[in-house]
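These notes concern the structure reproduced below.
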Amino acid sequence: AYLPAQLAVVPTSGGQAKVLTDTRTAAYKAREWVQPKLVQVPSKHGAGVVWAKYYGPETPEPGKQYPIAMFVHGAGYLQNVHQRYPAYFREQMFHNLLVQKGYIVLDMDYRGSEGYGRDWRTAIYRNMGHPELEDYKDGLDWLVDTKQGDRAHAGIYGGSYGGFMTFMALFRSPGTFKAGAALRPVVDWHQYNHGYTANILNTPDIDPEAYRTSSPIEYADGLQDHLLIAHGMMDDNVFFQDSVNLTQKLIELHKDNWTIAPYPLERHGYVRPDSWLDQYKRILKLFEENLK
């Protein structure tokens, strides 16, 4: 989980591989990382089990209830529960920090994620954000029932599709998560690219109800908990306009307890270390102030 891909050679005649590179620094290798545990979360909504990565203390303190952080991977169809170095390596390091600060963390391959067959992949057809939220609520129950999770102090965060799901969680199930961070988030699927969205929701002219059902802006009135929006202003995937539109909507709804952090020099995938640092400092502050 903490070993980036390296180069090695194997003789054409066979034999042992000779490793040529080790790109990890001495400080990185010396650190004691929290190993993610691959777990199966029982579904209460007919989905069998939901595979997930769990980060927590090796030996939980008896009688203690732990604040909960739930991570939502991006892309919708991506698979993030696997035994290798993840695409979300920064988030994995952030999860280590959260565990050090007393949280437990769950990262789920919710319905729609790839790697689990056709029915799993297509479960969100015309209904984005609904089956996935059921899976996260089941994950929350599992943490409370088996990992000493504190239901009253749970938060959620993620980027892109994970940002979209953070909105759906806070808007459609107020009170479940006391705080959420939506990063480079989709607000309205009408504005996202046709090639991706039409495969799941058809097109707005023939299936407007699927877009209404699946777009967070339709549920913004449900916000009552603490929300952080973070978005690169040069985003060429999920346009910054999405977050601008939601900002105006929240103003018109007279909503409190939300903030927006714009990143003027960033696109969808940040490239500046100071932007990553600023964003995760804000998420940590959001959780520390509202989940403890």
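Throughout, read-outs are computed from the coordinates displayed, never taken from laboratory work. Small disclaimer: the values here were computed from a predicted structure and weren't measured. With ideal geometry, Cβ positions are generated from the backbone for all residues, glycine too; neighbour counts draw on all protein chains shown.
Can you tell me the Rg and the Dmax, both Å, for the Cα atoms in the chain?
Gyration radius and largest Cα-Cα distance of the chain: 19.6, 71 Å.
Can you compute the FRET efficiency between Gln100 and Arg172 using 1/(1 + (r/R0)^6), with r the Cβ-Cβ distance and R0 = 45 Å? Round to the nearest 0.05.
0.90
Counting DSSP beta bridges in the chain, what percent are antiparallel, to the nearest 5?
Bridges in the chain are about 30 percent antiparallel.
Could you identify which residue out of His194, His73, His231 has the top mean-square fluctuation in a GNM of the chain using Cα springs shorter than 10 Å?
His194
Given R₀ = 25 Å, FRET efficiency for Asp205-His268 by Cβ-Cβ distance, to 0.05?
0.40
Simple spin-label model, 7 Å along Cα-to-Cβ: Arg212 to Arg84 in nm?
4.3 nm
Determine, from the Cβ-Cβ distance of Arg151 and Asn245 and an R0 of 25 Å, the FRET efficiency 1/(1 + (r/R0)^6), rounded to the nearest 0.05.
Given R0 = 25 Å and the Cβ-Cβ separation, E is 0.20.
If a/c stays under 1.5 just call it rounded; otherwise compare a/b with b/c (prolate if a/b is bigger, oblate if not). Do that for the range 1-124, with a ≥ b ≥ c from the square roots of the Cα gyration tensor eigenvalues.
Cα axes put the range 1-124 in the oblate bin.
Expressed in nm to one decimal, what extension gain is obtained for the pair Ala5 and His254 from 0.36 nm per residue of sequence separation less their Cα-Cα distance?
84.8 nm
So how do Thr247, Thr146 line up by other beta-carbon neighbours within 10 Å, fewest first?
In order of increasing Cβ crowding within 10 Å: Thr146, Thr247.
Which of rounded, prolate or oblate describes the range 206-292 when judged by the alpha-carbon gyration tensor and an a/c cut-off of 1.5?
oblate
Between exposed GluC sites (Glu not before Pro) in the chain, where DSSP calls loop and at most 10 other Cβ atoms lie within 10 Å, what's the longest gap?
59-292
On a 0 to 90 degree scale, rounded to 10, what angle separates helix 161-172 from the longest Cα axis of the chain?
Approximately 50 degrees, to the nearest ten.
Please work out whether the range 164-247 counts as rounded, prolate or oblate from its C-alpha gyration tensor, where a ≥ b ≥ c are the square roots of the eigenvalues and a/c under 1.5 means rounded, while otherwise a/b larger than b/c means prolate and anything else oblate?
oblate
Among Gln241, Gln279, Gln16, which one shows the biggest mean-square fluctuation in a GNM of the chain, springs joining Cα atoms closer than 10 Å?
Most flexible of the set in this elastic network: Gln16.
Need one number: the % of Cα-Cα pairs in the range 116-201 sitting beyond the 15 Å mark.
63 percent
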